[in-house]
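Written below as structure tokens is the structure these notes are about.
The values are calculated or read from the model by the stated rules, or taken from the named source; none is laboratory data. Small disclaimer: the values here were computed from a predicted structure and weren't measured. No Cβ is skipped: glycine too gets one built from the backbone with ideal geometry, and neighbour counts run over all protein chains shown. Heads up: the accessible areas ignore ligands, DNA and RNA and are worked out on the full protein's heavy atoms, side chains in. Shrake-Rupley method; radii C 1.70, N 1.55, O 1.52, S 1.80 Å.
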Amino acid sequence: MKIFVAGLPLDMDESELEEFFEKYGKVDTVSIAKDRITKRRKGFGFVEMSNSLQAKTAIQTLNGLGIGRNKLIVKEAV
């Protein structure tokens, strides 16, 4: 299942995002969107988990979680 994650701190990298989701199961891939020109992170990304039950648990648990000033938006990617 591909999961959309928004509200990420701009200094968060892929390994940190992966750590958040590994608590709920095996993470297959993680990517954080970056601006093509400046290479700065845009504050959103995607996580893929092959086990849909674990992915749904992660979505329910992490959606709305506060990180610093931001609240995460976590939902299934369309």
*Taking trypsin sites (Lys or Arg not before Pro) as candidate sites, keep only those in a DSSP loop with at most 13 other Cβ atoms within 10 Å, then name the longest stretch of the chain containing none of them.*
41-68
*Mind checking the full-extension length gain between I37 and N70? Use 0.36 nm per residue of separation minus the Cα-Cα distance, one decimal, nm.*
9.4 nm
*Could you work out the helix-only [θ] at 222 nm for the chain, with each DSSP H run of four or more residues adding -39,500 (n - 2.57) and the total divided by the number of residues, to the nearest 500 deg cm²/dmol?*
-7500 deg cm²/dmol
*Solvent-accessible area per residue for the chain at a 1.4 Å probe radius, Å²?*
66
*Roughly how many percent of the accessible protein surface of the stretch 24-78 is carbon and sulfur, given a 1.4 Å probe and a whole-percent answer?*
49
_q = 0.14 Å⁻¹: log10 I(q)/I(0) that the Debye formula gives for the chain, counting C-alpha atoms only_ = -0.39
*Cβ charges +1 (Lys, Arg) and -1 (Asp, Glu), total dipole of the stretch 27-78, debye*: 420
*Quick one: which of K39/K71; K2/K39; K2/K42 span more than 20 angstrom between C-alpha atoms?*
K39/K71; K2/K39
*Just report the Cα centroid separation between the stretch 33-57 and the stretch 1-30, whole Å.*
6
*Multiply the residue separation of E18 and L53 by 0.36 nm, subtract the distance between their alpha-carbon atoms, and state the gained length in nm to one decimal.*
10.9 nm
